[in-house]
Amino acid sequence: MEPLLLTLPDGSKKEIPPGQSFSEFIQQSLPFLRDKALAVSIDGANPVDLSTVPKTNATVEFLTFDSKPGKEIFHHSTAHLLGMAVQSLWSHARLTVGPVIENGPGFFFYDIDMGDTILHPDDLPKIEAKMAEIVKLDLGVKRWELSKAEAIQKFKSENEPYKVELIQGFDSESVSLYGQGDWYDLCRGPHVPRTGLLKAFKLTAISGAYWKADAKNKMLTRIYGVSFPNKKLLDEYLFIIEEAKKRDHRKLGKELDLFSFQDEAPGFPFWHPKGTVLWNTLADYIREECFQRGYQEIKTPTILNSSLWKRSGHWDNFRENMYFTEIDEADFAVKPMNCPGCSLVFKNHMHSYRELPLRYMELGTVHRHELSGVLHGLFRVRAFTQDDAHIYAPTDKIEPEVEDIIDFTFSVYKKFGFNEFKTFIATRPEKSQGSDEDWELATKALHDALRKKGIAYEIKEGEGAFYGPKIEFNIKDSLGRHWQCGTVQIDFSMPNRFELEYTGSDGKKHPPVMIHRAIYGSLERFIGILIEHYEGKFPLWLNPLQIQIATVAESHSSYAKEVFIALKEKDFRVELDLRNEKIGSKIRDSILKRASYTLILGDKEVESKAVSYRKLGEEKTATLPKDEFLALLTKELG
């Protein structure tokens, strides 16, 4: 038989003998992938195990930990390693499911029925040790198939009721099992070829979880974990996790007295004076940037008649996330989005093509119902303010308008010190409205704008808004984490639903295209990101407490008040500490408050009309005449 031809991602071609598996092929022809390849994608299809034997010529991609599907395979294989270790230590343990996750205290978890055994965090090192033993054995991972009836009988005989229940719910006639050594589990795969590749892992948390997330079912033990191909990557990750704990915006928000959450309004943030300063500073900045780019500011009502939401499509597509009320025996809803109200402003009078693109911006507060279990500080709330804008443009202006929004967005992020980004296009979801032609035109415009700007991007299939495709901007923070913030969405549907029109150069009426865009996304969430990015050490222009003045003794109070007034007259945010405390204690207090500058005023400063100052994060103290210090601050603000 003739050898088959494999085309690799770089376009090169390799021969593979008939009957040889991909694993054997790697050993002979691609030795540099021996300890890296985890699975293989054939002709762009879903990954399969390296034990697979190709049947025809094909284009192949060997998946490593560096790819998203490679990571998922690696993490799920580690979940199996965890399941094997638990059942080796506690033979009565019964496994349920062990999926890979994106958000949570780990990359994967396994839900396990431990019977009468109660696991504690102190048990995790023992499980990790058993996992390490299995890794050291470097067991081969094998796959085999059984008929549905055979699999049910097998798991029944081994007293694995959860596996039986799962199989009974499958539509397929056969199921696949994966195992290493004498242990195996129900799984569709694929998996790493051997346990020795799972070199570095950590079990991160233990909690309870109901079977199938139903409180009527039994409470199971859920064990979370993370895993990496080597200890260096694991150590780097654990370091970031510890740093993230120190930077947790909920913790720092309380310490810096920025915001709080109260039992009387769960999920609704209360902004304290310093937090309100921070909020207003962000609002003022984005408002001014919008004005410079030709936006006009509007404000629309918080509560609108249900007929509006039915007309916009939110009633059918977003109702489960909305709050409702009744006024004068009519149904109303609290707005979850600003766009329908903005469209009423546009519709209020006729527009000419000469006015377009017409850019409306609105710092609009919206309310969305979130389940209590997913609320998370400022990152997931039930009320937030979007830095929203809606641009009404003719079709031929879509692409240049999107290009301008891209430039605007990146300039804002760089102002806050974000210089690395990931960009995505999210395409049409299953639940959507509008014609195929409009969706194709809108999606193409987003592709063309990003390509023209030379911006690399990835695709999120089916994750667009129900009314149009969107660009998503992800920023990378100081810990290397990515946060999805800004969006650009193209919408042909809402202008048609609201019968929006403008008079074209031909004298005829035409519907505009509606471009939705936000840069922060929400001020609340963006502030949470900033708190963690800066660890509460905000740059001078943003800091709610720019300067704290500390006196050495009571005799220096008069001069301190003079400096305080001079700073306030220049609109600096400053506090005065005249307490009868030692100066060291006052300096520590200023550092804990994250003041950008701490001024220390004693005899020599009073005598020379100077200030001694210490910049946040620095240990040295410098002295300048008062006026020169003011000039230094002004220069730093730019």
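What's the FRET efficiency of Asp284 with Lys232 using the Cβ-Cβ distance as r and R₀ = 41 Å, to the nearest 0.05? Don't skip to the end; give the middle numbers.
On the way: r = 44 Å, r/R0 = 1.07.
Computed FRET efficiency for Asp284 and Lys232 comes out at 0.40.
Calculate, for Ile240 and Lys36, the FRET efficiency according to 1/(1 + (r/R0)^6) with r their C-beta to C-beta distance and R0 30 Å; round to the nearest 0.05. The partial results should precede the final answer.
On the way: r = 23 Å, r/R0 = 0.77.
The value I calculate is 0.85.
Which length gain, in nm to one decimal place, applies between Gln296 and Ala209 when the Cα-Cα distance is subtracted from 0.36 nm times their residue separation? Please list the in-between numbers first.
Details: separation 87, 0.36 × 87 = 31.32 nm, distance 4.97 nm.
Here the segment from Gln296 to Ala209 would lengthen by 26.4 nm.
Here are some values of Cα Rg over 2.2 N^0.38 Å: (1) 1.17; (2) 0.99; (3) 1.09. Which one was computed from this structure?
Among (1) 1.17; (2) 0.99; (3) 1.09, the one derived from this structure is (1).
Can you sort Val563, Val334, Val53 by 1.4 Å-probe accessible area, starting with the largest? Write down the numbers at each step before the final one.
Details: Val563 5, Val334 25, Val53 45 Å².
The ordering from most to least exposed comes out as Val53, Val334, Val563.
If you plug each phi of the stretch 144-149 into the Karplus form 6.51 cos²θ - 1.76 cosθ + 1.60 with θ = phi - 60°, what whole-Hz ³J(HN,Hα) values come out, in order, with x for Gly and Pro?
Listing the rounded values in order: 8, 10, 10, 5, 4, 5 Hz.
Tell me the carbon and sulfur percent of the accessible area for the chain, rounded to whole percent, probe radius 1.4 Å.
Working: 15370 of 30970 Å².
The value for the chain is 50 percent carbon and sulfur by accessible area.
Quote to one decimal, in nm, the extra length available between Asp171 and Leu137 on full extension: 0.36 nm per residue of separation minus the C-alpha distance between them.
Numbers: separation 34, 0.36 × 34 = 12.24 nm, distance 3.62 nm.
That pair, Asp171 and Leu137, stretches by 8.6 nm at full extension.
What ranking, highest mean first, results for peptides 451-460, 37-46, 314-323 when packing means the other Cβ atoms within 10 Å averaged over each residue? Walk me through the intermediate numbers first.
Numbers: 451-460: 12.4, 37-46: 18.0, 314-323: 15.6.
Going from most to least packed, we get 37-46, 314-323, 451-460.
Between Trp90 and Arg188, what FRET efficiency follows from the Cβ-Cβ distance if R0 is 30 Å, with the result rounded to 0.05? Intermediate values should be presented prior to the final figure.
Values: r = 26 Å, r/R0 = 0.86.
Taking R0 as 30 Å, the efficiency between Trp90 and Arg188 is 0.70.
Rounded, prolate or oblate: which fits the stretch 88-182, taking a ≥ b ≥ c as square roots of the Cα gyration tensor eigenvalues, rounded meaning a/c under 1.5, else prolate when a/b beats b/c? The partial results should precede the final answer.
Details: a/c = 1.67, a/b = 1.49, b/c = 1.12.
Because a/c hits 1.5 or more and a/b exceeds b/c, the stretch 88-182 counts as prolate.
Return the distance in nm (one decimal) between the two label points of a simple spin-label model at Asp571 and Arg451, each offset 7 Å from Cα along Cα→Cβ.
Inter-label distance under the simple model: 4.5 nm.
By how many nm would the segment from Gln27 to Glu463 lengthen if fully extended, with 0.36 nm per residue of separation less the alpha-carbon distance?
153.0 nm
On average, how much accessible surface per residue is there in the chain, in Å², for a 1.4 Å probe, leaving out ligands, DNA and RNA? Working shown, then result.
On the way: 30970 Å² over 638 residues.
Value returned for the chain: 49 Å² of accessible area per residue.
Label the stretch 213-287 by shape, choosing from rounded, prolate and oblate, from the square roots a ≥ b ≥ c of the eigenvalues of the Cα gyration tensor; if a/c is under 1.5 it is rounded, and otherwise prolate applies when a/b is larger than b/c, oblate when it is not. Each step should come with its number before you reach the end.
On the way: a/c = 2.97, a/b = 1.42, b/c = 2.09.
Here the stretch 213-287 falls in the oblate category.
Given the C-alpha centroids of the stretch 107-156 and the stretch 68-90, what is the distance between them in whole angstrom?
7
Please name which of Ala58, Phe74, Thr96 has its Cα lying farthest along the dipole of the stretch 58-111 towards the positive end, using unit charges on Cβ (Lys, Arg +1; Asp, Glu -1) and the Cα centre as origin.
Thr96
Please give, to one decimal in nm, the separation of the simple spin-label points placed at Lys604 and Trp541, each 7 Å out from Cα toward the Cβ.
With each label placed 7 Å out from Cα toward Cβ, I get 3.4 nm.
Roughly what % antiparallel, to the nearest 5, for the DSSP beta bridges in the chain? Provide the component values of the computation, followed by the final result.
Numbers: 94 of 112 bridges.
Bridges in the chain are about 85 percent antiparallel.
The values are calculated or read from the model by the stated rules, or taken from the named source; none is laboratory data. As the structure is a computational prediction, the values presented were derived from the model and not from experiment. For neighbour counting, all protein chains shown are included, and Cβ atoms are generated from backbone atoms with ideal geometry for every residue, glycine included. The area values use the complete protein model at the heavy-atom level, side chains included, leaving out ligands, DNA and RNA. Shrake-Rupley method; radii C 1.70, N 1.55, O 1.52, S 1.80 Å.
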